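Before any comments, here is the structure.
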Amino acid sequence: MQGFIYPNEFELHWGILIVLYPYLTGLVAGAFILASLERVFNVKEVQPTYRLALLTALAFLLVAPIPLLAHLGHPLRSYEIFLTPNRQSAMAMFGFVYAWYLMVVLLLEIWFDYRKDLVLWARQATGVRRWMYYALTLGATDLSKRSLRFDDRMGRWITIIGIPSAFLLHGYVGFIFGSVKANPWWSSVLMPVVFLFSAIVSGIALVLIIYVFSSLLRWKPIDMQCADKLAAFLFYAMVVDFSLEMLDFIHRLYESEESIEILSRMIESRLFVSLIVLQVVLGTLLPLVTLGLTAPALSKKSVLVLPDELKRLAYLGSAILVQIGIFSIRYNVVIGGQLFSKSLRGLTVYKAELLGIEGVLMASALLILPLIILWMLVKILPPWPDAEASLPTEEGGDTGVQRPAPAR
Amino acid sequence: MVKLPEFDTGRVPQQVPRLVAVFALVVVALVVARTALIPDTFGERGHYRAAAVDSIVAHEKKYAGQQECALCHNAIMQARLAGNHSGLGCESCHGPAASHTANPVEFKPRIPQEREFCLRCHQYNPSRPTGFPQIDPISHNAPRACFTCHDPHAPVPPVAPGSCAACHGQISYQKGVSHHAALECTTCHEAPEEHKLSPRLVRPSKPTDRSFCGACHAEGADSPREIPRISLRTHNPQYVCWQCHYPHYPEAS
Amino acid sequence: MISKEREPTPQTDALEKLQEKLKDVDRREFLKACSLLAPVLLGVIRVPILEAQEVASSEYDPTEHFYAMGIDVSKCIGCGQCVQACKTENDVPFEPEFFNTWVERYVIRADGEVDVDSPNGGLDGFPPPGGEGEIRRTFFVPKLCNHCANPPCVQVCPVGATFITEDGVILVDESYCIGCRYCIQACPYGARWMHPETHVAAKCTFCYHRVVDGLVPACVEVCPTGARIFGEVEQRVTPLARFMRFNDVQVLKPHLNTKPKAYYANLDGEVR
């Protein structure tokens, strides 16, 4: 502690679990937006990651509310947010935004996209798996040309609805912080926008990492066209994200409101490592330069022409650094916003505990959990192009609904 | 680039009724759960459980309030209201007394007798407002309990205070460390004897014009040579001295 | 000067009410006689309300009241009695992280440096100020929930577990709060805290359980110098109305538009 803080501020109220929440939802929104690139904007190169991105979004979305629940004083009362939502409260909307995104957007999109395969897998499989796949089809087993076209159209429609929904999901998380007028570190109209673009950055980087690792695990070659495109999009998103963050920073510095003194002191002391070193230098500038040089982002050819192996390594390294950077952003927002007193006269410290519900171990477990869920989802709903069941000729033929085979 | 899909207008595909059924199931379950679970009094007076107010109102009182004390201890109350502790609630010193008013025999409120208790308010502290009676506990009759000299219900000095510092602790402290340390209070103020007994009714005098300070500080004044001099005619004649210089601590301003 | 004349404090005011009440007996009988003769008079002199006073709190009508607190900074002596009384009355844990009300000390140095402290919330009083440098001015400031008319804490509560009553008091429903702590984050004044045992948000209630019975909050009851004045805002003849008439009042952090109902007299600009 340094200077004066209000007596009730000795306790830091939102800990590492609340850092996880925007981090996880950011990954969800980002992964979904990446998936919609292929579907709506017809970016053919990223097609191999389409289903993987959807499943990644689902796995992380399922875990996103767990840190919130775990940090509540009364988790068993959380249903009240659906019963008597306070319409003036930004947080009350969480249940609805979440339900909309999970139930209406993600599950529906995955269902429409997988329905044909579910039906075929149900026919091929035996025993429990057969019944499971059948249950997942909800009994809609019609594989006629018309029916498959309907699936495809609905999929497109839902993706179109899904893009603003993904913006809503994460913009909303930014709003939860940005609308707290009592806190000058949070209170900013740019907060939802910054959250959104950092979400896109983190989502693309995550899918890139998972794609590279899953290919390695499956002994399959990595589609370099796809990796190049992902890296290029990651670069673009990072440029926008970093510009917005700099805008926010310069704006604060220039306006120089009464909070500027304590905030500068906080950045220089408490947040030096997590903000300057991890977020800006390692998490943003280094990968930005690396990607700018190695990815074909600025022109058809990259600045440095590297062999594929080296390029993959550069992409993977950058994507991992980006994850560290984005996690630091969440940390700096959530924890940073509580390190200074609202009296603007002092700084406090955050002591992360190792064990316990709000501890680092719990947080790590919650970071691994979505990967486990993803692994299970991949087992049930293989997202790989080679796992797609082909239609029996008498039913399918050239329906025109199957997406073109991925380039490889 | 974005190509909006178009819809068939023909027969409804198989997927639609299935999905509608699932969603209807979820919605119905939610609606049922909602009606069953919303607390009874929620929304009666606003977006909250009106019954919550009742449970807050039912909270046990620890402080009875001085009106209660007056019902039995009226004489003490009247004495207190007439004295210098008139604004002080009984429970400010005697502590929470609701249990005493409920059961006067079994529960007795505290009667603080130690010096430390009175010193919570009356020890000299520069942050306290000027004029609030404060003492230096070391020089002020150190070992004796306060109540041996002062009636806590209507405290007055037992004898007329010998020195001004007994009441004007802050001023005397500041003057004591200033260049005016050697001056007696009476050099500048005439304090009638009655001021010690009725401090607010009879007030000491204060200097009224520049020439008073000039008696020492004017050029040519008959005073020791080390005293700083000014020309009364040219040194900011539109002001009186104490508008800029605090007489009890002149070097501070 | 503490006060030039004896001002009516809430305490003396209440006492006068008590004495009034004793006189009331005759008046009530007189009015009862009137009521037999002239029912029209009833509406004008509001006999039903006079009679209702006997039943006291069960007939308490929140729509007839609107509460606020006045704080005269120049009267606070930093004794900490209010903090002590508040913790006792409201079962606030005595650990130094939980306060419904606390007292801050400001020490403003000659070079403009501002030192603020609040050792244990002022519960045990204040030792002489430490630190370097000559003191330009120094004073105590009692703090508590401002019971804002535009409360950010109520706005952000997702479930409606904190609310503003009809008489203007912000309360927490401790059997409905989910413990998300958004309200704690949203309060600009640091007035809310998380109860370590019940795991819900907790705060000053203006001693609502006392107020509905016609008592003043515990901190006001014990304040030795009348630095805290509790009362009705909208009625003309109350200690608070008098306080607001004769002082220049300010609120804390007015730029946030929370419309606080803790009104400060003689407030220094350095107080945040």
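Rule-based calculations on the coordinates, nothing more; no lab input. Since the model is a prediction, treat every value here as computed from it, not as a measurement. Glycine also receives a Cβ, built like all others from the backbone with ideal geometry; neighbour counts cover every protein chain displayed.
With a simple spin-label model that places each label point 7 Å from the Cα along the Cα-to-Cβ direction, the separation between residue A:130 and residue B:206 comes to 10.4 nm. Peptides A:278-287, C:158-167 ordered by packing proxy, namely the average of other Cβ atoms within 10 Å per residue, highest first: C:158-167, A:278-287. If R0 is 60 Å, the Cβ-Cβ spacing of residue A:243 and residue B:187 corresponds to a FRET efficiency of close to 0.25.
Each of B:123, C:122, C:175 was placed along the dipole of the protein assembly as shown (beta-carbon charges, centred on the mean Cα), and the one lying farthest toward the positive end is C:175. Past the 18 Å Cα-Cα mark, which pairs from A:229/A:301; C:75/C:203; B:61/C:87; C:87/C:143? Beyond 18 Å: C:75/C:203. In summary, segment B:63-111 shows an alpha-carbon radius of gyration equal to 1.08 times the 2.2 N^0.38 Å reference for compact globular proteins. Counts of other chain beta carbons within 10 angstrom of each beta carbon in peptide B:127-137 average 5. Database remark: amide H of residue C:230 closer than 5 angstrom to the amide H of C:70 (H placed geometrically; neighbours at sequence offset of 5 or more, or on other chains; Pro and chain starts carry no H). Shielding by partners for peptide C:85-93, expressed as the average number of C-beta atoms from other protein chains within 10 Å of each residue's C-beta, is 3. For residue A:353, nonlocal amide neighbours, meaning residues 5 or more places apart or on other chains whose placed amide H falls under 5 Å from its own, are A:360. Here, the protein assembly as shown is characterised by an Rg to Rh ratio of 1.10, where Rg is the alpha-carbon radius of gyration and Rh the Kirkwood radius. Label 7 Å along Cα→Cβ of residue B:177; segment C:116-153 residues with amide nitrogen under 19 Å? In segment C:116-153, the label zone of residue B:177 (backbone N under 19 Å from the point 7 Å along Cα→Cβ) covers C:116-117, C:126-140.
Listed by chain and number, the aspartates and glutamates whose C-alpha is less than 20 Å from the C-alpha of residue A:300, apart from same-chain residues fewer than 8 away, are A:38, A:45, A:223, A:228, A:308, A:309.
For segment A:1-125, the ratio of Cα radius of gyration to the globular rule of thumb 2.2 N^0.38 Å stands at 1.41. If R0 is 60 Å, the Cβ-Cβ spacing of residue B:45 and residue A:379 corresponds to a FRET efficiency of close to 0.65.
Residues in segment A:309-320 carry Karplus couplings, in order, of 4, 5, 4, 4, 4, 5, 4, 4, x, 4, 4, 5 Hz; the curve used is 6.51 cos²θ - 1.76 cosθ + 1.60 with θ = phi - 60°, and Gly or Pro positions show x.
For segment B:172-252, which trypsin sites (Lys or Arg not before Pro) are both in a DSSP coil and crowded by at most 14 other Cβ atoms within 10 Å? Provide the component values of the computation, followed by the final result.
Details: sites: B:175, B:196, B:200, B:210, B:225, B:229, B:233; in loops: B:200, B:225, B:229, B:233.
Those that pass, being in a loop and sparsely packed, are B:200, B:225, B:233.
When the Gaussian network model of chain B links Cα atoms closer than 10 Å, the mean-square fluctuations of B:232, B:197, B:119 top out at B:232. Modelled this way, with points 7 Å down the Cα-to-C-beta line, the labels at residue B:34 and residue B:156 are 7.2 nm from one another. Residue separation of residue A:189 and residue A:88 scaled by 0.36 nm, minus their Cα-Cα distance, works out to 34.6 nm of gained length.
In this label model, residue B:144 and residue B:234 are separated by 5.7 nm, measuring between points 7 Å along each Cα→Cβ vector. For the segment B:58-69, counting C-beta atoms of other chains within 10 Å of every residue's C-beta and taking the mean gives 6. Residue ranges C:179-192, A:210-223 sort as C:179-192, A:210-223 when ordered by packing (mean number of other C-beta atoms within 10 Å per residue, highest first).
Among A:161, C:178, rank each residue by its count of other Cβ atoms within 10 Å, from fewest to most, as a rough exposure measure.
On the way: A:161 15, C:178 25.
Sorted ascending by nearby Cβ count, the order is A:161, C:178.
For segment A:255-344, the list of GluC sites (Glu not before Pro) that fall in a loop by DSSP and count at most 16 other C-beta atoms within 10 angstrom reads A:257, A:258.
Counting other beta carbons within 10 Å of each Cβ, put A:159, C:63, A:290 in order, fewest first. Don't skip to the end; give the middle numbers.
Values: A:159 26, C:63 9, A:290 18.
Result, fewest neighbours first: C:63, A:290, A:159.
Taking other Cβ atoms within 10 Å as a rough exposure proxy, C:60, A:50 sort from fewest to most as C:60, A:50.
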